[in-house]
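The values are calculated or read from the model by the stated rules, or taken from the named source; none is laboratory data. None of the values given here were measured: they were computed from a predicted structure. No Cβ is skipped: glycine too gets one built from the backbone with ideal geometry, and neighbour counts run over all protein chains shown.
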C-alpha cells in the first residue's frame, strides 16, 4: 500500500487530523479491504487509479470505520458481482486473444489491438506472410483465406480485389475470431 492511497482514504473519510495510531489502524483496514476486493475479483486490482476497485475500497473502509462491515457486502453486492464478472470476462478473452498479428509489412487499419477483431489493409503484393501469436501459448490458431487453409507464418496468395481472411483462436471451449479484409490492387 502506498502513502498516497492512505492519504486518499483519509481524505475520503474526512480525516483531517494527524494521528499516527489512527493511521496504523487505517492502514490495516485498507490492507484487509484490498485483500477482500482482490479475492472477489479473482486477481490483484489497481487501487492507484480512479476506478471501481478504488471506489469499493474507499467504501469498504467507510463501512469498517462505522462498525458496519456486515452490511458492506449486502449493500455493494451488485458492484462486487459486476467487478467479479468483468474480471472473469477479461480472463476468458485473454485465453483466445492474439498478442501479435502481422501481414507481411502491410499496415493494418486500425492499428493492431488484441481487443479489436476486424482489420483492413491494401496490398500491391501477390502474397504476404500472415503471422498470428496467441496471448495464451496453449491456444490454437486456424487461418483461412477464402476457402483455403493457411499455415500460420506462411505466405498467403492474394486474388485481385477483396480477400477475406478469418483467423480463429481456440482455447478449450473459448473461441475468438479475427477478420482481415485485404484489398489487392489490380
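A residue that is outside any strand (DSSP E or B), in contact with a strand residue (DSSP E or B) (Cβ under 7 Å, 6 or more places away or on another chain), modelled with pLDDT under 95 and surrounded by fewer than 18 Cβ atoms within 10 Å (Cβ to Cβ) can be found somewhere in region 138-149. Pick from region 108-117 the residues that are surrounded by 12 or more Cβ atoms within 10 Å (Cβ to Cβ) and touching a strand residue (DSSP E or B) at 6+ places or on another chain (Cβ under 8 Å): which of them is modelled with the lowest pLDDT? My answer is 114. Residues that are without any contact (Cβ under 8 Å) to a residue 40 or more places away in the chain, in a loop (DSSP other than H, G, I, E, B) and out of contact with any strand residue (DSSP E or B) (no Cβ under 8 Å at 6 or more places or on another chain): does region 80-99 have at least one? No, every residue in region 80-99 fails to be without any contact (Cβ under 8 Å) to a residue 40 or more places away in the chain, in a loop (DSSP other than H, G, I, E, B) and out of contact with any strand residue (DSSP E or B) (no Cβ under 8 Å at 6 or more places or on another chain). For region 120-137, a residue qualifies if it is more than 24 Å from the chain's Cα centre (by Cα), surrounded by fewer than 16 Cβ atoms within 10 Å (Cβ to Cβ), in contact (Cβ under 8 Å) with a residue 60 or more places away in the chain and not in a loop (DSSP other than H, G, I, E, B), and exactly one does: 122. Considering (1) in contact (Cβ under 8 Å) with a residue 40 or more places away in the chain; (2) under 16 Å from residue 3 (Cα atoms); (3) outside any loop (DSSP other than H, G, I, E, B), the lone condition that residue 33 does not fulfil carries the number (1).
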